[in-house]
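Engineer: One structure follows; several queries about it will come next.
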Amino acid sequence: MTKVLTDARSIRIKGRSFLALVLSPDLPLDDWLVRLDDLASRSAGFFLDRPVVLDVTGLVIDKIQLKDLFEQLAERNVRIMGIEGARPSMLGPGMPPAMKGGKPAADVEVKQREAVSEDAETESEAPAPADLQQGRPAAQSLVINEPVRSGQSIIFPEGDVTIVGSVASGAEVIAGGSIHVYGALRGRAMAGSIGNSASRIFCRKLEAELVAIDGIYKMIEDMSPALVGQPVQLWLDGDSIMASTII
Amino acid sequence: MGKVIVVTSGKGGVGKTTSTAALGAALAQNGERVVVVDFDVGLRNLDLVMGAERRVVYDLVNVIQGEAKLTQALIRDKRLENLFLLPASQTRDKDNLTTEGVDRVITELKRVFDWVICDSPAGIERGATLAMRHADMAVVVTNPEVSSVRDSDRIIGLLDSKTLKAERGERMEKHLMLTRYDSVRAERGDMLKVDDVLEILSIPLVGIIPESSDVLRASNMGAPVTLADARCAPAMAYFEAARRLRGEQLPITIPGDKRGIFGKIFGRKAA
Ligand SMILES: Nc1ncnc2c1ncn2[C@@H]1O[C@H](COP(=O)(O)OP(=O)(O)OP(=O)(O)O)[C@@H](O)[C@H]1O
Ligand SMILES: [Mg+2]
């Protein structure tokens, strides 16, 4: 059931979200670059050491023009980590990868530069932390440190829900992502509720009234008696809910 | 300032009124000033269990509506001079209980008494939420059977959301009072086990009260069981529970446990 890697030095791959600045150029590009220079002169180093994504959604340019834009930006020390809204044909080797699924965050305000400073390093740090903190997107996981009682419902479409405790009969947990219950799952659990079939449900003791993943339901009567009362994980395989015990 | 306890359950007939009277008398027997308040407007019972039914003149609703002063409505117990009852109205509608009125009465009672014990009506409606609103701690009365346990779970959820303490972001102290515990039926497996109930509700246990004819006998006499016969098993269990509510650490005994004295479970508590 579980594959064990014998090599202790396994590669760790983690997901992490960062707040990137998004630049959305408009035509004509020459004018836009003039405005960018103006911005940069008022706030030196604003783009230094920052992840920047270029959003070209709706921009009518070809591959050559896009490549030229990258070079112009590189000359200004603006390094693009990814590109959003470009047709695959516009991208190629030597170009940043396409990005999608970005979530909007608060606009970043560019602070007026107070005095001319030679030290671009420190200058670039100044506006960064405060401004970017505020623009951070909402957390994608919710941790509940107490039991979910009968009659209560926890609804979190943004992502995963972890319950450090039990989910009572007559209680429900609805998550956009996976559901983790470090206790008995006696109520209802619905994972992947906004259409995420990769979501799973984990619990220390399965006594659920109902489980659902991405809209596919299963009642406790439909489950193998061998799983009831056991630590179990549930996932979706096509249109059926699969379950197995976990250690 | 006195402490406010709500005795609540969700499910009806599990022993809230019996427990309110028994705990109130037990605390008063220890010399503390106690008032028991009946919130069961329309179905009042506490006056009967306290043996005060013929002395009810004014009630909680009269006080809230400004038709009587609090001192006029309070009934002093015949046996214990520091035990009082604030009865509910039998005739009035429960809509007469206003939030502001209850606020005012409880605030006044807290100033005079060491303990204000509120006997909640069954259910999760307005009467029950008003009874729990001012509580500093809750005694959740539960019988060892599935429907009672589930209703208690529901009530615990309300205690953590619908009370002043919850609104202020504080934690409500909750205690599980397992009543009508029948050791013979437990032995046969006809009832939920103590551990099962604790595992489901995960709040600390304050007492296990055995099923006993002494309870009915006491209520027929019009006396809290702790006053009717202080030596009977349910009375002793209530005395111990009262000491735990005062903060004493006492081991809990499961009534009728074959292991007898060695069956005591120390520090039995749930997370
Ligand atoms: N430990 C016990 N042993 C035997 N009988 C009991 C015990 N506790 C309560 N009873 C009986 O159960 C019945 C219900 O008790 P009580 O009135 O205290 O419950 P309640 O929770 O207040 O009910 P309601 O929800 O109607 O207000 C009464 O007849 C009472 O005598
Ligand atoms: Mg009652």
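Engineer: So for region B:133-147 (the condition being over 26 Å from B:ASP195 (Cα atoms), of a type in the set (A, V, I, L, M) and touching a Leu at 6+ places or on another chain (Cβ under 6 Å)), does at least one residue qualify?
Structural biologist: No, region B:133-147 contains no residue that is over 26 Å from B:ASP195 (Cα atoms), of a type in the set (A, V, I, L, M) and touching a Leu at 6+ places or on another chain (Cβ under 6 Å).
Engineer: Now for a separate question. Out of A:LEU59, A:LEU54, which single residue is assigned to a strand (DSSP E or B) and under 15 Å from A:LEU27 (Cα atoms)? Working first, answer last.
Structural biologist: Values: A:LEU59 fails: assigned to a strand (DSSP E or B).
Unique residue meeting the criteria: A:LEU54.
Engineer: Collect the residues in region B:6-33 that are surrounded by fewer than 24 Cβ atoms within 10 Å (Cβ to Cβ) and more than 9 Å from ligand 1 (Cβ to nearest atom), keeping them in residue-number order.
Structural biologist: Scanning region B:6-33 gives B:GLN29, B:ASN30, B:GLY31, B:GLU32, B:ARG33.
Engineer: Restricting to region B:37-50, count the residues that are over 17 Å from the mean Cα position of the chain (by Cα) and either among the hydroxyl-bearing types (Ser, Thr, Tyr) or closer than 17 Å to B:ALA21 by Cα (or both). Walk me through it before giving the result.
Structural biologist: Looking only at region B:37-50, we keep the residues that are over 17 Å from the mean Cα position of the chain (by Cα), and these are B:42.
Now restrict to residues that are either among the hydroxyl-bearing types (Ser, Thr, Tyr) or closer than 17 Å to B:ALA21 by Cα (or both): none.
Adding up the residues that qualify gives 0.
Engineer: Here is a follow-up. I need the full set of residues from region A:161-178 which are over 17 Å from B:ILE156 (Cα atoms) and in contact (Cβ under 8 Å) with a residue 24 or more places away in the chain, in order please.
Structural biologist: Across region A:161-178, the qualifying residues are A:VAL173, A:ALA175, A:GLY177, A:SER178.
Engineer: Further question: What is the one condition in (1) touching a Phe, Trp or Tyr at 6+ places or on another chain (Cβ under 9 Å); (2) surrounded by 24 or more Cβ atoms within 10 Å (Cβ to Cβ); (3) of a type outside the set (Ser, Thr, Tyr) that B:PRO144 does not satisfy?
Structural biologist: (2)
Engineer: Looking at region B:163-180, can you tell me whether even one residue there is farther than 26 Å from B:GLU240 by Cα and either within 16 Å of ligand 2 (Cβ to nearest atom) or of a type in the set (A, V, I, L, M, F, W, C) (or both)? It would help to see each step written out before you state the result.
Structural biologist: To start, the set of residues in region B:163-180 that are farther than 26 Å from B:GLU240 by Cα comprises B:163-170.
Now narrow it down to the ones that are either within 16 Å of ligand 2 (Cβ to nearest atom) or of a type in the set (A, V, I, L, M, F, W, C) (or both): B:164, B:166.
Yes, region B:163-180 contains a residue that is farther than 26 Å from B:GLU240 by Cα and either within 16 Å of ligand 2 (Cβ to nearest atom) or of a type in the set (A, V, I, L, M, F, W, C) (or both).
Engineer: For region B:150-226, list the helices (runs of 4 or more DSSP H) that sit wholly inside it and hold at least 2 residues that are within 14 Å of chain A (Cβ to nearest Cβ) and at pLDDT below 95; which are they?
Structural biologist: Values: elements: B:164-167, B:183-188, B:194-201, B:213-221.
Fully inside region B:150-226 and qualifying: B:194-201.
Engineer: Do we have any residue at all in region B:105-118 that's in contact with a strand residue (DSSP E or B) (Cβ under 9 Å, 6 or more places away or on another chain) and within 16 Å of ligand 2 (Cβ to nearest atom)? Give the derivation first.
Structural biologist: Taking region B:105-118 as the starting set, the residues that turn out to be in contact with a strand residue (DSSP E or B) (Cβ under 9 Å, 6 or more places away or on another chain) are B:105-106, B:109-110, B:112-118.
From what is left, the residues that are within 16 Å of ligand 2 (Cβ to nearest atom) are B:117-118.
So far as region B:105-118 goes, yes, one or more of its residues are in contact with a strand residue (DSSP E or B) (Cβ under 9 Å, 6 or more places away or on another chain) and within 16 Å of ligand 2 (Cβ to nearest atom).
Engineer: For region B:119-160, name all the residues that are in contact with a strand residue (DSSP E or B) (Cβ under 7 Å, 6 or more places away or on another chain), within 16 Å of ligand 2 (Cβ to nearest atom) and of a type outside the set (A, V, I, L, M, F, W, C). If you could, list the steps in order and put the result at the bottom.
Structural biologist: Within region B:119-160, the subset in contact with a strand residue (DSSP E or B) (Cβ under 7 Å, 6 or more places away or on another chain) is B:119-120, B:128, B:131-132, B:134-144, B:148-149, B:152, B:155-156, B:159.
The next check asks that each one be within 16 Å of ligand 2 (Cβ to nearest atom); those that pass are B:119-120, B:128, B:131-132, B:138-143, B:148, B:152, B:155.
Hits for region B:119-160 are B:ASP119, B:SER120, B:THR142, B:ASN143, B:SER148, B:SER152.
Engineer: May I ask you to list the residues in region A:234-247 that are farther than 15 Å from A:ALA184 by Cβ and touching a residue at least 12 places away in the same chain (Cβ under 8 Å)?
Structural biologist: The initial filter retains those residues of region A:234-247 that are farther than 15 Å from A:ALA184 by Cβ, namely A:235-244, A:247.
Listed by number, the residues that qualify are A:TRP235, A:LEU236, A:ASP239, A:SER240, A:ILE241, A:ALA243, A:SER244, A:ILE247.
Engineer: Within region B:48-58, how many residues turn out to be more than 10 Å from ligand 2 (Cβ to nearest atom) and either buried (at least 24 other Cβ atoms within 10 Å of the Cβ) or on the phi > 0 side of the Ramachandran plot (or both)?
Structural biologist: 2
Engineer: Right, another one. State yes or no: is B:LYS110 of a type in the set (D, E, K, R) and outside any loop (DSSP other than H, G, I, E, B)?
Structural biologist: Working: of a type in the set (D, E, K, R): yes; outside any loop (DSSP other than H, G, I, E, B): yes.
For B:LYS110, the condition - of a type in the set (D, E, K, R) and outside any loop (DSSP other than H, G, I, E, B) - is met.
Engineer: Any residue in region A:25-45 that's under 15 Å from A:ALA74 (Cα atoms) and buried (at least 16 other Cβ atoms within 10 Å of the Cβ): show its pairings with residues that are among the β-branched types (Val, Ile, Thr) and at pLDDT 70 or above at Cβ separation under 6 Å, as long as the two are six or more apart or on different chains.
Structural biologist: Correct list of pairs: empty, since none qualify.
Engineer: Turning to a different aspect of this structure: Are there any pairs, at least 6 apart or on different chains, whose C-beta atoms fall under 7 Å, with the first in region B:195-214 and closer than 14 Å to B:ARG185 by Cβ and the second of a type in the set (D, E, K, R) and surrounded by fewer than 21 Cβ atoms within 10 Å (Cβ to Cβ), and if so, which?
Structural biologist: Every condition considered, the pairs that remain are B:GLU211/B:ASP182.
Engineer: Shifting gears a bit: Sort out which residues of region B:120-149 are away from chain A (no Cβ under 14 Å), without any contact (Cβ under 8 Å) to a residue 60 or more places away in the chain and over 22 Å from B:ARG44 (Cβ atoms), and write them in order of number.
Structural biologist: Listed by number, the list holds a single entry, B:PRO144.
Engineer: I'd like the full set of residues that are in contact with a Phe, Trp or Tyr (Cβ under 9 Å, 6 or more places away or on another chain) and either outside any loop (DSSP other than H, G, I, E, B) or of a type in the set (Asp, Glu) (or both), limited to region A:156-180. Steps first, answer last, please.
Structural biologist: The first filter runs over region A:156-180 and keeps only residues in contact with a Phe, Trp or Tyr (Cβ under 9 Å, 6 or more places away or on another chain), leaving A:162-166, A:173-180.
Residues satisfying the conditions are A:THR162, A:ILE163, A:VAL173, A:ILE174, A:ALA175, A:ILE179, A:HIS180.
The values are calculated or read from the model by the stated rules, or taken from the named source; none is laboratory data. No experiment lies behind these values; they were computed from the predicted model shown. Positions of Cβ are generated from backbone atoms using ideal geometry, with glycine treated the same way; all protein chains shown enter the neighbour counts.
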